[in-house]
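Asks: Encoded as structure tokens, here's the structure I'll be asking about.
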Amino acid sequence: MATQPLVEDSLLTGLLESTNEPYAIAKIAGIKLCEAYRDQYGANFISAMPTNLYGPNDNYDLQNSHVLPALIRKFHEAKQDGKAEVEIWGTGSPMREFLHVDDLAKACVFLMENYDDKQFVNVGTGEDITIKDLAMLVKEIVGFEGELTFDTSKPDGTPRKLMDVSRIHKLGWKHQINLRQGIQSVYKSYSDQLQKADS
């Protein structure tokens, strides 16, 4: 429920979102460890805080994958099986930001070469999308022609997660892969993997 977009200084100024708390604590512990090594030993350790990531070789297991690979798999299988609809968890209203892993890799190299400070740096696109609009985009890219339904008995999670990326932009880095282009390339990679497995 923090003020959006999330600036770096917002970390630990309020309660963690309950469904995400263990994961958040693990990430925060890593950041704090880097800060402690810098303070105690003068080590040139820096931390990057990425937004939601996606890319080739993702986890497509419907029981434990993240939203974007799950949507890709759901729509692909629905298209292959000739299904009339695909069900999406929640209302579709939460907003999320997505960054391609290739952009994150470039951001990490950029920061190693250009940044030396205790404060971690947000890495993202600074742009978000509703889960409903994300599902519509994946549906279009996959070519599924059925309907979307929403299971509103399932939780939405945090209403919005958007990074303030002004710090990394001022340093001179900006993402290069837009969401449509990224999903198209990831879906091609996923389809190619399936074809290889079948042959």
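The values are calculated or read from the model by the stated rules, or taken from the named source; none is laboratory data. Note that the structure is a prediction, hence the values are computed from the model and not measured. Cβ atoms come from the backbone with ideal geometry, glycine included; neighbour counts cover every protein chain shown.
Asks: Just one of (1) modelled with pLDDT under 95; (2) outside any loop (DSSP other than H, G, I, E, B) trips up residue 64, so point out which.
Replies: With respect to (1) modelled with pLDDT under 95; (2) outside any loop (DSSP other than H, G, I, E, B), residue 64 is out only on (2).
Asks: Can I ask one more? Could you please find all residues in the stretch 17-36 being over 18 Å from the mean Cα position of the chain (by Cα) and farther than 18 Å from residue 124 by Cβ?
Replies: Selection gives 18, 29, 32, 33, 34, 35, 36.
So that you can scan it fast, the table gives a plain yes or no per residue for (1) among the β-branched types (Val, Ile, Thr); (2) touching a Phe, Trp or Tyr at 6+ places or on another chain (Cβ under 7 Å); (3) more than 18 Å from residue 120 (Cβ to Cβ); (4) surrounded by fewer than 17 Cβ atoms within 10 Å (Cβ to Cβ):
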position	(1), (2), (3), (4)
38	no, yes, no, no
44	no, no, no, yes
48	no, yes, no, no
54	no, yes, yes, no
65	no, no, yes, yes
69	no, yes, yes, no
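Asks: If we scan the stretch 109-116, do we find a residue that is surrounded by fewer than 20 Cβ atoms within 10 Å (Cβ to Cβ), under 30 Å from residue 38 (Cα atoms), under 21 Å from the mean Cα position of the chain (by Cα) and without any contact (Cβ under 8 Å) to a residue 24 or more places away in the chain?
Replies: yes
Asks: List every residue pair whose Cβ atoms sit under 8 Å apart, with the two residues 6 or more apart in sequence or on different chains, where the first one lies in the stretch 1-30 and is farther than 24 Å from residue 155 by Cα and the second, anywhere, is among the β-branched types (Val, Ile, Thr) and in a loop (DSSP other than H, G, I, E, B).
Replies: Here the result reads 10/3, each pair linking the stretch 1-30 to a residue that is among the β-branched types (Val, Ile, Thr) and in a loop (DSSP other than H, G, I, E, B).
Asks: List every residue pair whose Cβ atoms sit under 8 Å apart, with the two residues 6 or more apart in sequence or on different chains, where the first one lies in the stretch 170-196 and is in contact (Cβ under 8 Å) with a residue 60 or more places away in the chain and closer than 25 Å to residue 7 by Cα and the second, anywhere, is crowded, with 19+ Cβ neighbours inside 10 Å and among the charged types (D, E, K, R).
Replies: Filtered contacts from the stretch 170-196: 175/103; 176/103; 177/103.
Asks: On the basis of being at pLDDT below 95 and either farther than 29 Å from residue 18 by Cβ or assigned to a helix (DSSP H, G or I) (or both), does residue 194 make the cut?
Replies: It is true that residue 194 is at pLDDT below 95 and either farther than 29 Å from residue 18 by Cβ or assigned to a helix (DSSP H, G or I) (or both).
Asks: Name the one entry in 104, 68, 148 that is touching a residue at least 12 places away in the same chain (Cβ under 8 Å), closer than 24 Å to residue 12 by Cβ and touching a strand residue (DSSP E or B) at 6+ places or on another chain (Cβ under 7 Å).
Replies: It is 104.
Asks: Let me ask something else about it. If you go through the stretch 118-128 one residue at a time, do you hit one that is more than 22 Å from residue 179 (Cβ to Cβ), crowded, with 18+ Cβ neighbours inside 10 Å and out of contact with any Gly (no Cβ under 9 Å at 6 or more places or on another chain)?
Replies: Yes, some residue in the stretch 118-128 is more than 22 Å from residue 179 (Cβ to Cβ), crowded, with 18+ Cβ neighbours inside 10 Å and out of contact with any Gly (no Cβ under 9 Å at 6 or more places or on another chain).
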